[in-house]
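The values are calculated or read from the model by the stated rules, or taken from the named source; none is laboratory data. The shown structure was predicted, so the numbers you read here are calculated from the model rather than taken from an experiment. Here Cβ is always computed from backbone atoms with ideal geometry, including for glycine, and neighbour counts include all displayed protein chains. Heads up: the accessible areas ignore ligands, DNA and RNA and are worked out on the full protein's heavy atoms, side chains in. Shrake-Rupley method; radii C 1.70, N 1.55, O 1.52, S 1.80 Å.
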Amino acid sequence: MIAVFKGGISEEQNEDWFSDYIDAGSEFLDQQSVESIERLSRHAAARVRRRLAENARCPQAILERLSRDSDAEVRSAVAANPATPVDLVFALALDVDATVRYAMAEDVSLPAGVLRLLSRDDNPYVSCRARKTLALLRRKWRRSSEHGGQNIIGFPGTGNANDADHERSA
């Protein structure tokens with residue numbers, strides 16, 4: 001009899017997941033073969049796919065695939081990854097799962113335009129959280145501008161009203 005663990009993976013797969021988990025989070029991911037990265041993106045263990053989605057060196061094509069993963073935590077990790085293209089982040093802001101949108105609403109590194117979109121979400125928890133995150137960013141912007149610091153892209157007075165096109169910083 002084969003034991004089956006959470007997530008539908010077998011005992012054998014459960015024993016193998018750790019080395020794949022390490023590989024998925026490696027700072028040398030970009031030096032792995034395309035086949036190896038694709039294998040990780042289809043791994044039976046969601047924790048491995050999530051780790052890959054968190055990796056800033058994950059190729060954009062893989063991030064796009066992982067943005068459609070069946071696991072909400074994997075999709076949330078794609079949204080939080082600074083290497084994820086902004087158009088894909090906007091698409092994830094419309095995810096059917098409110099937990100993905102809520103996780104995004106808490107993320108201060110997202111473009112202000114994404115947070116504004118989430119602030120109009122039908123789910124009151126998501127919209128409230130996004131409004132609180134925007135308010136926090138506005139307070140930081142005000143303090144920063146009062147002390148001669150850098151502006152936050154997409155807030156009034158920053159000189160860039162079109163925050164949807166800006167690159168996310170790592």
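Reducing segment 87-130 and segment 23-49 to their Cα centroids gives an inter-centroid distance of 27 Å.
Across all Cα atoms of segment 55-129, the radius of gyration (one decimal) and Dmax (whole number) stand at 11.3, 34 Å. Sites listed here are chymotrypsin sites (Phe, Trp or Tyr not before Pro) in segment 38-137 whose DSSP assignment is loop and whose Cβ has at most 10 other Cβ atoms within 10 Å, and the list is empty.
Per residue, segment 29-99 exposes 48 Å² of accessible surface when a 1.4 Å probe is rolled over the protein heavy atoms with every protein chain present.
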